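Only the coordinates and a few stated rules stand behind these numbers; no lab work does. Model, not experiment: these values are computed from the prediction. No Cβ is skipped: glycine too gets one built from the backbone with ideal geometry, and neighbour counts run over all protein chains shown.
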Amino acid sequence: MIPPDVRKIATASDAARARSAAARLTAALEVPAVERARFLTALTERLRRCLGGDGAELTLVVEAPGPDGAGRVRATVRALPPGGRASLWRLAVSCPGPPPGSLAHPADPEDPAATEAVLTADEETAAVLRRLDEAEELLRLHREELHQTNQGVLALHAELDAAALVQRGLLDAERTTRGEAEKARRLLTFLTDATEAATASLDHEDILRSLSGRLVPHYASQVDVWLFDGNRAAPGGVRPAAAVTAARTGRPQHAGRHPGGLPGTEDLPPSALSPDRPVLCIPLGVRRTLGVLTLTAPGDRFDADTGVMLVELARRIAIALENALRYEQHRDTAETLQRAQLTDLPAADGLRLAARYLPATRGLNIGGDWYDAFFQPDGSLLTVIGDVTGHGLHAAVVMGQLRTALRAYAVDGAGPAEILTRLHRMLRHQEPDLYATATIARFRPGEPRVTWASAGHPPGVVRAPQGAVRVLGSKPGVMLGVPVPFTYRDHTTGLEPGSTLVLYTDGLVERRSQGIDTGIELLGRTLAALDEPVLEDLDLCAESLVEHLVQASERDDDVCLLLCHSTAAEGGAAAGPPPRRGAASRPRLR
């Protein structure tokens with residue numbers, strides 16, 4: 001341990017020697033140059049302040065190393081001001097390591113000039129140090145400002161990163177939303193198109209074919225429809241257990257290795273018929289269960305949104321199927337009713353008959369068009385064609401009533417005009433809101449003429465043997481049932497052997513895009529263009545006229561056609577009982 005160096009400072013030389021001793025001591029202890037300069041300058045400045053008084057006492061102490069392993073040099077200046085009260089000033093500087101054990105305080109120099117130079121150098125050093133302190137303070141301020149700036153930049157980067165994360169999240173959410181919206185739009189478009197295709201047809205087989213073609217392969221790898229016969233399951237192959245459960249419970253069933261998680265759908269174990277892929281069985285029911293739609297997944301699972309769409313599609317398909325099945329039932333009923341109204345055309349000497357009836361393709365195919373042919377007691381043959389306004393069962397019933405009443409009125413031997421007059425009175429009385437048109441033609445055996453009367457019906461057309469065509473253009477009477485009294489008149493026209501009288505309803509000649517007169521002209525041209533061999537086969541003649549005049553796809557109205565072809569009488573037929581019925585060809589329903 002180095003003993004303290006205590007010096008009396010009374011003059012500048014004392015101060016210079018003390019400063020020199022401190023310099024040699026700190027240099028020996030390898031104190032850093034800047035720290036040593038600051039230490040010596042501060043000590044020198046303090047000693048200079050003490051020169052004007054009673055002097056001061058300087059103590060230089062080398063302290064042992066502290067916890068950091070570095071030694072310290074401490075200078076203590078005790079000034080003795082007047083009055084004898086001490087004033088202390090202390091300053092310490094660290095050295096990099098412990099002081100050597102052989103270190104001693106160096107001896108003072110004896111050169112006064114050197115002493116003065118040391119003091120002067122300290123002044124310059126003090127000035128330099130002051131500027132250095134200013135520079136260091138400025139540097140400290142700049143460092144602090146730079147630190148604050150760095151903190152702000154870091155905070156800004158953090159905010160930018162956070163904003164980028166938020167923006168990325170928003171973009172991902174927008175992308176997801178757009179994907180879901182596009183998916184929903186695609187599903188709704190498919191649902192709309194499939195619904196339109198299903199409701200556009202009234203044939204249940206067409207509906208099922210369209211459904212299967214649309215679902216495979218994007219929404220199902222396989223489609224099976226199990227339709228019931230009334231309330232009983234129709235036979236037709238093995239069905240998945242899920243289909244049986246759906247039919248029994250009326251709720252959609254999902255069968256697969258893993259739960260489907262489809263809204264409103266119950267989960268069952270995988271089907272033995274499809275162990276690798278799940279199946280979705282949806283009951284087809286509106287007011288009653290018509291069947292079960294079974295779909296095999298196109299992949300490993302059914303998408304939840306797709307499942308919702310498929311359930312809604314099954315509901316709409318069920319409505320379309322119910323309408324189609326009901327329509328088919330009504331159509332079959334109407335066809336049965338119409339077939340019951342068809343007349344077996346009688347065979348007459350000197351006259352051949354053929355007829356065609358085409359129901360409308362729209363609606364329930366139940367119309368009021370009819371034709372009839374029968375003998376009167378005097379042997380005359382009456383041919384009738386008529387049309388009750390409107391469609392439906394009511395029109396068909398009124399048509400049947402008119403047909404029955406007409407036959408009853410004809411029993412008394414009444415002519416065409418008288419029969420129409422009676423029918424007019426009857427219809428005005430019984431059905432004031434329903435009208436009808438009709439034409440009655442009477443053929444007498446052996447007479448080359450025909451007597452006819454019309455009640456608002458399209459005029460008959462006659463084709464002569466040589467091909468000339470004329471329209472029976474006498475003004476027809478009013479429609480049957482019109483609320484005005486009316487008496488019809490008979491008309492007579494020649495009908496030589498080989499001539500053909502064509503009676504028809506407006507469905508044969510009337511179209512929306514053109515008037516009825518244009519259709520009658522077309523009928524006349526078509527009739528005139530027929531070859532004689534065609535006229536010999538009256539059924540073929542009827543087929544030809546229908547084929548040229550009627551569109552096979554869409555018909556808004558029924559079509560009724562009655563052909564009366566006169567021939568030479570065999571052996572001069574006389575009036576008598578009617579010949580056996582059924583000898584002529586039976587009319588066809590198309």
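Here are a few things to note about the model shown:
- Where N is the number of residues in the chain, Cα Rg divided by 2.2 N^0.38 Å: 2.47
- Relative exposure of Leu60, Leu358, Leu562, judged by other C-beta atoms within 10 Å (fewest first): Leu60, Leu358, Leu562
- Potential lengthening between Ala464 and Glu35 on full extension [0.36 nm per residue; Cα-Cα distance subtracted]: 140.0 nm
- Among beta bridges that DSSP assigns inside region 342-589, antiparallel share in %, nearest 5: 95 percent
- Divided by 2.2 N^0.38 Å, where N counts the residues, the Cα radius of gyration of region 179-312 comes to 1.02.
- Full-extension gain in nm, Leu165 to Thr493, via 0.36 nm per residue minus C-alpha separation: 108.2 nm
- Applying a length cut-off of 30 Å (Cα extent along the axis) and a mean Kyte-Doolittle floor of -0.5 to the DSSP H helices of the chain leaves 112-199, 304-341.
- Nearest-0.05 FRET efficiency for Ala92 and Arg49, computed from C-beta distance (R0 22 Å): 0.70
- Rough spin-label spacing in nm, given labels placed 7 Å along Cα→Cβ, for Leu188 and Arg248: 3.9 nm
- Two-site FRET efficiency, Leu393 against Thr518, from Cβ-Cβ distance with R₀ of 25 Å, rounded to 0.05: 0.15
- Each of the peptides 480-492, 463-475, 31-43 was scored by the mean count of other Cβ atoms within 10 Å over its residues; in descending order, highest first, they stand as 31-43, 480-492, 463-475.
- For the pair Glu174 and Arg331, the difference between a 0.36 nm per residue extended length and the Cα-Cα distance amounts to 51.2 nm.
- Separation of the Arg257 and Ala158 label points, Cα + 7 Å toward Cβ, nm: 5.0 nm
- Cα-centre dipole for the chain with unit charges at Cβ (Lys and Arg positive, Asp and Glu negative), debye to 20: 1220 debye
- Relative contact order (percent, whole number), the chain, Cα cutoff 8 Å, 6+ residue spacing: 11 percent
- Most positive-pole-ward Cα, Pro269, Leu353, Ala220, against dipole of the chain from beta carbon charges: Pro269
- Antiparallel DSSP beta bridges within the chain, percent to nearest 5: 95 percent
- Each DSSP beta bridge with both residues in region 204-336 is either parallel or antiparallel, and the antiparallel ones are about 85%.
- Rounded to the nearest 20, the Cβ-based charge dipole of region 396-548 about its Cα centre (Lys and Arg +1, Asp and Glu -1) stands at 700 debye.
- Spin-label pair Asp229/Asp203, simplified geometry with 7 Å Cα→Cβ offset, distance in nm: 2.3 nm
- The fewest-to-most ranking of His548, His204, His147 by surrounding Cβ atoms within 10 Å reads His147, His548, His204.
- Footprinting exposure proxy for Cys560, Cys95 (fewest neighbouring C-beta atoms within 10 Å first): Cys95, Cys560
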